[in-house]
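Chemist: My questions will all concern the structure given below.
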Amino acid sequence: MTLVDTHCHLDFEQFDPDREAVLERAAAAGVGRIVIPGVDLAACRRAVALAERYPQVYALVGLHPNSADELTPDGLAEIRSLTKHPKVVGIGEIGIDLYWRKLSLMEQEAAFRTQLALADEAGLPVVVHDREAHAEVLAVLREARPAAGVALHAFSGDRAMAEAALELGCWLGVDGPLTYKKNDALRALFAAAPLDRVLIETDAPYLTPQARRGKRNEPAYVRYVAEKLAEIRGIALETAAEATTGNAARFFRWES
């Protein structure tokens, strides 16, 4: 059985002292591939460097909405250059964040649109960060959805948003919150969502699954997400693993 962690901040300093052990535990849990998203320019560089170092690691490059002020002409040129790396499999995480609001909605949306256009130029899929900005993100995607595909990272919208996103051809990312005791609405949503449009992820070191709450999240724990997904859909863990691993292969265009 093979799993894929499609969104893990393995480049963060929390992992520096024991990254090798983290990767060993991931392999022992069946995790065959890990995708590291970009957050700012420095994180993009680190993600690519780790992808070069470890065969099971791949990178996304892009600016998180809270780092959108780095999208200067030079910043955009650097991201464009990084998209040509053979282990860069997408643009992300990009989008809109109205929880922190470190930058204005206008600034965030402009950076979002610019990076969506870059994804089309590079022929790469995008991974979208959406925090308390469901309507705003959907509005942009309706106008500027890149042809290679869109995944909504850590999907937190309601059923109506899920239906709208699926109609646009988006994929839904799910992580630790699926396992939280008071998250019945999210479980109901992913019990009904098309299985062939679901990606499992950790967002490590954040969003630790219920069984490990209070501890740093890590790629091995994506197995808890897969187990809960299998449980709520009434299917075997192996079936959920095979489906979501195949989904990641199609979305990121690597061999399954």
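The values are calculated or read from the model by the stated rules, or taken from the named source; none is laboratory data. This one's a predicted model, so the numbers in the text were calculated from it and none came from an experiment. Cβ coordinates were reconstructed from backbone atoms using ideal geometry, including for glycine residues, and neighbour counts include every protein chain displayed. All accessible areas refer to the heavy atoms of the entire protein, side chains included, with ligands and DNA or RNA removed. Shrake-Rupley method; radii C 1.70, N 1.55, O 1.52, S 1.80 Å.
Chemist: If residue 70 meets every condition in (1) more than 21 Å from residue 146 (Cβ to Cβ); (2) in contact with a helix residue (DSSP H, G or I) (Cβ under 6 Å, 6 or more places away or on another chain) apart from one, which number is that one?
Modeler: (1)
Chemist: How about the range 2-22: which of its residues are under 21 Å from residue 61 (Cα atoms) and open to solvent by 10 Å² or more (accessible area, probe 1.4 Å)?
Modeler: 12, 13, 14, 16, 19
Chemist: Kindly provide the set of residues from the range 121-152 that are part of a helix (DSSP H, G or I), more than 18 Å from residue 76 (Cβ to Cβ) and free of Cβ contacts under 8 Å to residues at least 40 places away in the same chain, ordered by number.
Modeler: Selection gives 134, 135, 138, 139, 141, 142, 143.
Chemist: Go through (1) aromatic (Phe, Trp, Tyr); (2) in contact with a strand residue (DSSP E or B) (Cβ under 7 Å, 6 or more places away or on another chain); (3) open to solvent by less than 20 Å² (accessible area, probe 1.4 Å) one by one and return the number of the condition residue 58 breaks.
Modeler: All conditions are met except number (3).
Chemist: Shifting gears a bit: Would a scan of the range 61-69 turn up a residue that is open to solvent by less than 40 Å² (accessible area, probe 1.4 Å), touching a Gly at 6+ places or on another chain (Cβ under 8 Å), on the phi > 0 side of the Ramachandran plot and modelled with pLDDT of 95 or more?
Modeler: Yes - at least one qualifying residue is present in the range 61-69.
Chemist: Hey, another quick one. Give the range 204-230 a look and list any residue that's modelled with pLDDT of 95 or more, surrounded by fewer than 22 Cβ atoms within 10 Å (Cβ to Cβ) and not hydroxyl-bearing (Ser, Thr, Tyr), or say none.
Modeler: Within the range 204-230, 205, 207, 210, 211, 212, 215, 216, 227, 230 qualify.
Chemist: If only one of 77, 29 is more than 19 Å from the chain's Cα centre (by Cα), farther than 23 Å from residue 121 by Cα and either open to solvent by 20 Å² or more (accessible area, probe 1.4 Å) or not β-branched (Val, Ile, Thr) (or both), which one is it?
Modeler: Only one candidate passes the filter, namely 29.
Chemist: Just to be sure before I move on: is residue 130 touching a helix residue (DSSP H, G or I) at 6+ places or on another chain (Cβ under 6 Å) and either under 25 Å from residue 254 (Cβ atoms) or buried (at least 24 other Cβ atoms within 10 Å of the Cβ) (or both) in the structure I sent?
Modeler: When the stated conditions are applied, residue 130 passes them.
Chemist: What are the residues in the range 177-221 that are part of a helix (DSSP H, G or I), more than 28 Å from residue 139 (Cβ to Cβ) and in contact with a Ser or Thr (Cβ under 8 Å, 6 or more places away or on another chain), if any?
Modeler: Result: 210, 211, 219, 221.
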